[in-house]
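Participant: Quick one: structure below, then a few questions.
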Amino acid sequence: MCGIAGAFNDRKAEEKVKTMLSAMKNRGRDDCKINGARFCALGHCLHSLVGFVPQPIKENGWLSSNCEIYNWKELAKAHHLPSKNDSHLLIQLLEKNSLSKIKETLKELDGPFAFAYWQENRLWLVRDLLGIKPVWYSWNTESFYFASEKKALEKIGCLDIQELNPRHILIYDISKKAVSFIEREFFKIDLSLKKRQNLPKIIQELAKLLEQSVSKRLPQKKFGILFSGGIDSSLIAFLAKKLGKNFTCYTSAVLDKNFSPPEDLAASEKAAKLLGIKLKIKRITLTQVEKYLKTVVPLIEDSNVVKVGVGLTIFAACELAKKDGVKVIFSGLGSEELFAGYQRHKNSSDVNKECLSGLLKVYERDTYRDDVITMYNQMELRMPFLDNELVQYALTIPGEYKIKEGIEKWILRQTAREMGLPEEICQRKKKAAQYGSGFDKALDKLARRMGFKTKSEYLRQFYPAHNLNLGVLFSTGKDSNLALHIMRKQNYHIKTLITLKSKNPDSFMFHTPAIDLAKLQAEALNIPLMEVETLGEENTELKDLEKAIKLAKEEHQLEGIVTGALFSNYQRERIEKICDKLSLKIFSPLWHKDQETELKELLKEGFEFVMVRVAADGLSKEWLGRKLGEKEIDELIKISRKYGINPAGEGGEYESLVLFGPRYKKRIRLMKTDIISEGAGAYSLAVKKAQLEEIGE
C-alpha cells in the first residue's frame with residue numbers, strides 16, 4: 001500500500017509532486033520522499049508491510065512503486081540479488097534483465113504492482129495485468145504527470161487525465177516529450193486441458209490454488225476480511241482459519257424501521273457462527289448514509305449508482321476495521337468473473353468468453369473504487385481470487401462446470417464443499433453487496449425524500465463532474481440510442497457520436513439503412529457527430545472502425561466507448577479488442593438485456609422509432625415506417641414467439657430508426673420515403689427527404 005507520483009518537464013516538478021503526494025497522503029504515512037533533477041521529479045509515500053525501504057529507490061535508475069510481490073524472496077535467490085524487500089527486488093530485477101526485456105521480467109512477478117522507473121531520459125510506467133494497483137497520467141506537448149489517484153492530478157490542474165490501461169506499458173521520452181506504448185498479452189481461454197481433466201482433478205487443483213492464493217497473501221500484521229456470509233468471503237475466512245491465523249471479519253448494513261433487515265446481516269452472522277470466527281458489524285442509520293456519501297462519492301471520483309452502493313458497503317466496514325488497527329483487509333472480489341456468478345454469464349452462449357470480458361473490465365468497474373476506499377482507511381486490500389495463476393487456471397475450466405443445472409459458480413461451490421465449507425454457506429445464492437447490505441434501498445429512499453427522480457440525479461450533487469468522457473458507436477437505431485441514454489442517466493459525459501457509413505448493405509459490423517439521418521439525430525441531441533466512411537468489407541471494416549475510434553479519442557479526449565450490443569459476441573469482441581488497444585474503456589449497458597424488456601423500456605423512456613428494414617418471417621413491408629407503440633410492440637412479440645425470431649431484431653430480422661427520444665431537442669419528420677424490395681422477402685425504407693421539427697409542431 002503506497003502512493004506514487006511524478007512530474008516531468010515542468011519547472012515546478014518537485015512542488016507539484018509534493019502537492020500530489022499530499023492529496024493522497026492516506027496511501028502511506030510511514031515515509032514520504034521526492035527525488036528531483038532537471039525539471040523532473042519522482043515521489044513516493046510509503047505504507048510499510050514488507051521491510052522499511054524508503055522510496056524512490058536508487059540503483060542505476062530510480063524506482064517508485066506500489067507493489068505486493070509475493071515471490072520476491074524466491075526471485076532474489078534465483079537471480080542472486082541482495083534484495084531488502086519486494087520493491088528493492090523489482091528495481092534490481094528490471095536492471096539485471098534490462099528494460100528491453102521488461103515484458104519477460106513482468107511475467108516473473110507474482111502479485112499486483114504499479115511502478116514508475118526513471119532512467120536518464122526515459123520513464124516507464126507499468127501496472128499489473130488486471131489493474132489491481134492504480135495509475136493515472138496526464139500528458140501534453142510540454143509536460144507529463146502521473147499519480148496513483150486521479151484526484152492528485154486534478155489537484156495540480158491537469159485536465160486530460162487518463163487511467164493507464166493495465167495491458168499497456170507506457171514509455172515517456174523526456175527529451176522528445178513523446179509517449180509510446182508496449183502492448184502486453186492478457187489471459188487466454190485455454191480448454192486444451194478439458195480432455196485430460198476429469199471433475200475430481202479440477203476440484204483438486206482448484207482447491208490447491210485457492211489455498212495457495214490465500215496463504216501467500218496472509219500478512220504478519222493484523223488483518224481483517226470484508227464479510228457478507230456468501231461463499232467468496234466465507235471461503236477466504238475458512239482458509240485463513242485453517243492456516244492458523246487470527247483475524248476479524250467485518251460487515252456493514254443499513255438499519256431503518258421502514259426496511260426489512262438486510263440479507264447480508266443475517267447471512268454474515270449465521271456464517272460466522274458456523275465457521276467459528278469473530279465478526280464485527282457496522283450498523284448504519286439512514287441519516288448516517290448521507291454523511292458517508294459526502295466522503296465516499298468524491299473519494300471514488302464517481303457517481304455511478306452501483307459503484308457508490310458497493311463503495312458505501314466497503315467504506316463502512318473498513319472504517320470499523322481501521323478502529324481495530326487493521327493494516328490489511330481481504331476481499332472476495334473477482335470470484336464472480338472467474339466462476340460465472342452473474343446473470344449475464346447464465347445468458348451467455350460462451351461462459352468463458354463472458355468471464356474473460358468481465359476480467360478485462362474489472363479495473364474500471366471495481367478495483368480503483370476498492371483501492372481508494374481501503375487506502376483512505378490506511379489499509380492494504382488483498383484479493384485472492386484475482387491471483388494470476390488462479391485466474392489462468394479458471395479459464396481452463398469448461399463452462400458447463402461453472403454454470404450447471406442453473407446454479408452459478410457451481411465448480412467453486414463443489415470445491416468449497418470438498419474443502420469442508422459448511423453446506424449452508426456453499427448453497428447461498430449471490431446477492432450483490434449494495435442490495436444485501438441495504439445501501440441501495442437507502443439511496444433510493446434518500447433520493448425520493450430529496451425530490452430527485454432517480455438515484456443518479458441525487459448522487460450527482462456529491463460529485464458534480466462527469467464520471468468519464470465517452471463516445472457512442474451510433475447507428476441511428478434504437479439500441480445505440482438507448483445505450484447513450486442509459487449512460488447519460490448514469491452521469492457519464494457523451495462527447496461525440498461515432499458513425500460508420502458503410503457502402504456495403506450486407507456489412508457484418510455496421511447498420512446501413514437510413515444512416516445518413518445520423519446528422520439530424522446528432523443535431524437534435526446537440527452532440528458532435530464524427531462520420532467515417534467504410535467499404536464495409538470483412539477484411540477492412542475493423543481497421544476503419546479502429547481509425548474512427550482513434551480519431552474520436554484524439555479529437556474529444558475520450559476515456560471510453562459505448563456500444564448498443566445486446567447479444568452479438570461477434571461485434572462486442574472485436575470492439576473490445578480495438579478499445580483495449582487504444583486504452584479506452586468499453587461500456588455495453590444493454591448487454592444480455594431481455595429483448596422484450598428492452599422494447600418496453602424504449603417506450604417507457606419516451607423513444608419514438610420505426611422499422612427501416614425487415615428481413616424475417618412474419619414481418620412484411622407494411623411494418624416499414626410504422627411508428628412502434630405499445631400495440632405494435634405486443635404484436636411484434638407475438639410474431640417473434642410464433643416464428644422464433646428475435647423481438648429486438650438482434651439477429652438482423654429488422655433494423656430501426658429513432659425519430660425522437662428523451663434527450664432530443666427536436667423531432668425528425670420523414671417527408672418522403674420509398675420502399676425497396678431486396679429480394680427473398682427483405683424490404684428496406686429509403687428516406688428521400690427528412691427534416692427536424694420543433695417539438696409540438
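The values are calculated or read from the model by the stated rules, or taken from the named source; none is laboratory data. These figures come from a predicted structure and were not determined experimentally. Glycine gets a Cβ as well: all are built from the backbone with ideal geometry, and neighbour counts include every protein chain shown.
Participant: If a residue has to be surrounded by fewer than 23 Cβ atoms within 10 Å (Cβ to Cβ) and either in contact with a strand residue (DSSP E or B) (Cβ under 8 Å, 6 or more places away or on another chain) or of a type outside the set (A, V, I, L, M) (or both) to count, how many in the stretch 384-405 make the cut?
Facilitator: Residues flagged as surrounded by fewer than 23 Cβ atoms within 10 Å (Cβ to Cβ) and either in contact with a strand residue (DSSP E or B) (Cβ under 8 Å, 6 or more places away or on another chain) or of a type outside the set (A, V, I, L, M) (or both) within the stretch 384-405 amount to 11.
Participant: Can you confirm whether the stretch 98-117 contains a residue that is touching a residue at least 12 places away in the same chain (Cβ under 8 Å), surrounded by fewer than 19 Cβ atoms within 10 Å (Cβ to Cβ) and over 30 Å from the mean Cα position of the chain (by Cα)?
Facilitator: no
Participant: Read through the list (1) surrounded by 20 or more Cβ atoms within 10 Å (Cβ to Cβ); (2) in contact with a Phe, Trp or Tyr (Cβ under 7 Å, 6 or more places away or on another chain); (3) of a type in the set (Asp, Glu), then give the number of the only condition that Asp617 fails.
Facilitator: Answer for Asp617: the failing condition is (1).
Participant: Please report, ordered by residue number, the helices (runs of 4 or more DSSP H) entirely within the stretch 316-371 with at least 2 residues that are under 17 Å from the mean Cα position of the chain (by Cα) and under 17 Å from Phe587 (Cα atoms).
Facilitator: By residue number, 343-347, 351-362.
Participant: Going by what's in this entry, would Arg626 be described as at pLDDT 95 or above, touching an Asp or Glu at 6+ places or on another chain (Cβ under 7 Å) and in the same structural domain as Ser475 (by TED's automatic domain parsing)?
Facilitator: no
Participant: Something else now. What residue, of Lys241, Lys257, Lys245, Lys194, is modelled with pLDDT under 95 and within 30 Å of Leu312 (Cβ to Cβ)?
Facilitator: Lys257
Participant: Taking Asp302 and the conditions (1) buried (at least 17 other Cβ atoms within 10 Å of the Cβ); (2) touching a helix residue (DSSP H, G or I) at 6+ places or on another chain (Cβ under 8 Å); (3) assigned to a helix (DSSP H, G or I), which numbered condition does it fall short on, given that it satisfies the others?
Facilitator: Evaluating Asp302 over (1) buried (at least 17 other Cβ atoms within 10 Å of the Cβ); (2) touching a helix residue (DSSP H, G or I) at 6+ places or on another chain (Cβ under 8 Å); (3) assigned to a helix (DSSP H, G or I) leaves (3) as the failure.
Participant: Also, quick follow-up: Assigned by TED's automatic domain parsing to the domain that holds Gln434 and over 27 Å from the mean Cα position of the chain (by Cα): is that true of Phe247 in this structure?
Facilitator: yes
Participant: Now for a different question. Provide a single number: the residues in the stretch 159-183 that are assigned to a loop (DSSP other than H, G, I, E, B) and either in the same structural domain as Leu584 (by TED's automatic domain parsing) or among the β-branched types (Val, Ile, Thr) (or both).
Facilitator: Going through the stretch 159-183 one residue at a time, the tally reaches 1.
Participant: Another question about this same structure. Could you pull out the residue among Asn121, Asn26, Asn85, Asn66 that is touching a helix residue (DSSP H, G or I) at 6+ places or on another chain (Cβ under 6 Å) and either crowded, with 23+ Cβ neighbours inside 10 Å or not assigned by TED's automatic domain parsing to the domain that holds Lys361 (or both)?
Facilitator: Result: Asn26 is the single residue among Asn121, Asn26, Asn85, Asn66 that is touching a helix residue (DSSP H, G or I) at 6+ places or on another chain (Cβ under 6 Å) and either crowded, with 23+ Cβ neighbours inside 10 Å or not assigned by TED's automatic domain parsing to the domain that holds Lys361 (or both).
Participant: Consider only pairs whose beta carbons are under 9 Å apart and that are at least six residues apart or on different chains; among these, list those whose first residue lies in the stretch 398-427 and is under 19 Å from Ala237 (Cβ atoms) and in the same structural domain as Leu209 (by TED's automatic domain parsing) and whose second residue is among the acidic types (Asp, Glu) and buried (at least 17 other Cβ atoms within 10 Å of the Cβ).
Facilitator: Lys409/Asp232; Lys409/Glu336; Leu412/Asp232; Met419/Glu211
Participant: I need the full set of residues from the stretch 574-597 which are in contact (Cβ under 8 Å) with a residue 40 or more places away in the chain, out of contact with any helix residue (DSSP H, G or I) (no Cβ under 7 Å at 6 or more places or on another chain) and more than 18 Å from Pro166 (Cβ to Cβ), in order please.
Facilitator: Ile575, Gln595 - these are the residues of the stretch 574-597 that are in contact (Cβ under 8 Å) with a residue 40 or more places away in the chain, out of contact with any helix residue (DSSP H, G or I) (no Cβ under 7 Å at 6 or more places or on another chain) and more than 18 Å from Pro166 (Cβ to Cβ).
Participant: For the list (1) under 17 Å from Arg448 (Cα atoms); (2) buried (at least 17 other Cβ atoms within 10 Å of the Cβ); (3) modelled with pLDDT under 95, I need the number of the one condition that Glu290 fails.
Facilitator: (2)
Participant: When both residues are 6+ apart or on different chains and their Cβ atoms are under 6 Å apart, which pairs have a first residue that lies in the stretch 310-334 and is surrounded by fewer than 24 Cβ atoms within 10 Å (Cβ to Cβ), and a second that is among the polar types (S, T, N, Q) and not in a helix (DSSP H, G or I)?
Facilitator: Within 6 Å, the pairs are Lys322/Asn377.
Participant: Mind checking which residues of the stretch 406-443 are out of contact with any Asp or Glu (no Cβ under 9 Å at 6 or more places or on another chain), at pLDDT 95 or above, surrounded by 16 or more Cβ atoms within 10 Å (Cβ to Cβ) and of a type in the set (D, E, K, R)?
Facilitator: Hits for the stretch 406-443 are Arg413, Asp440.
Participant: Follow-up. Please specify each residue of the stretch 260-279 satisfying the condition of being part of a loop (DSSP other than H, G, I, E, B) and under 19 Å from Gly244 (Cβ atoms).
Facilitator: Gly276, Ile277
Participant: Kindly evaluate Leu94 against the criterion of being crowded, with 16+ Cβ neighbours inside 10 Å, free of Cβ contacts under 8 Å to residues at least 60 places away in the same chain, of a type outside the set (D, E, K, R) and outside any helix (DSSP H, G or I).
Facilitator: no
Participant: Can I ask one more? Only one of these is assigned to a helix (DSSP H, G or I) and either assigned by TED's automatic domain parsing to the domain that holds Gly564 or surrounded by 12 or more Cβ atoms within 10 Å (Cβ to Cβ) (or both): Ile668, Ile645, Ile675, Ile637. Name it.
Facilitator: On inspection, the qualifying residue turns out to be Ile637.
Participant: Another question about this same structure. Quick check on Lys257: is it loosely packed, with under 15 Cβ neighbours inside 10 Å, in the same structural domain as Asp371 (by TED's automatic domain parsing), among the charged types (D, E, K, R) and within 25 Å of the chain's Cα centre (by Cα)?
Facilitator: No; evaluated as a whole, the condition is false for this residue.
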